[in-house]
Amino acid sequence: MQLFYNPNINETTDSFTFDKEESKHIIKVLRKKDGDILFVTNGLGYLFKTEIVVGSDSKCTVKIISFELTSAPKYHLHLAVAPTKMNDRYEWFLEKATEIGISEITPIICDHSERKIVKTDRFDKILQSSMKQSLNFYLPKLNDPISFKDFIKQKNEGLLLIAHCEETDKKSLKSVVKPNENVTVLIGPEGDFSNKEISFAIENNYIPVTLGSSRLRTETAAIVACHCIVLINE
């Protein structure tokens, strides 16, 4: 199956037209034509079976033949991850986390963050592309960048975890996560969270956890945490 994405359709939609860029890709690159079947998701769990009725490379129009709402995960996985020095490493994390399975992502600006300004222009397209490639029908929610302190002050429900490298009492991630529960995990920058940040998180009911004995890069730590929680929920 090849999957396409359109956020503006729902169960009441009869037909729709792809934008010019997607229309050109469908007709010119994929060589689709009138009568061909396309599968489309709106990123909210719906899978639409559609048929091309106007095979134009500028306005490819399809009619919806049928649709189904796929099962959503029974848990919500939210990763709050500090920006990496090189933007492409954060983009790699976004791509792989979407493939593995994640519900929500928030870039957090920390005391030791090497990148204080985050350009998110490409992030949405990366999430969309990865969702389509991996045949997921739920697009992860991407939040605007926020400071560490402001994020902690927000009301984040479920199990709250902070992964850090300081030599203090910590539990292993897999020992505290249970299936079918909402989880928020904080992943710090290359210089790790500051002691002040760690203390502030713990004061606000975050549990300190370890991701193993190796010292991991930010994006690697985020993927390890994501994969571990997804496996626990298999």
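The values are calculated or read from the model by the stated rules, or taken from the named source; none is laboratory data. From a predicted model like this one, the values you see are computed outputs, not experimental measurements. Please note: Cβ atoms are built from the backbone with ideal geometry, for glycine as well, and neighbour counts cover all protein chains shown. To get the accessible areas, we keep the full protein, side chains included, count just its heavy atoms, and leave off ligands, DNA and RNA. Shrake-Rupley method; radii C 1.70, N 1.55, O 1.52, S 1.80 Å.
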### Query
Is there a residue in segment 52-65 that is closer than 20 Å to MET131 by Cα and open to solvent by 60 Å² or more (accessible area, probe 1.4 Å)?
no
### Task
Only strands (runs of 3 or more DSSP E) wholly contained in segment 2-58 count here; list those with 2 or more residues that are aliphatic (A, V, I, L, M) and closer than 21 Å to LYS125 by Cβ.
37-41
### Task
Can you confirm whether segment 54-68 contains a residue that is of a type outside the set (A, V, I, L, M) and under 21 Å from GLU104 (Cβ atoms)?
no
### Query
Looking at this structure, is VAL230 farther than 15 Å from ILE108 by Cα, touching a strand residue (DSSP E or B) at 6+ places or on another chain (Cβ under 6 Å) and open to solvent by less than 50 Å² (accessible area, probe 1.4 Å)?
no
#### Entry: Matching residues, segment 77-95, being assigned to a loop (DSSP other than H, G, I, E, B) and surrounded by fewer than 18 Cβ atoms within 10 Å (Cβ to Cβ)
LYS85, MET86
### Query
Only one of ILE207, ILE202 is more than 22 Å from LYS96 (Cα to Cα), touching a residue at least 40 places away in the same chain (Cβ under 8 Å), open to solvent by 60 Å² or more (accessible area, probe 1.4 Å) and β-branched (Val, Ile, Thr); which?
ILE202
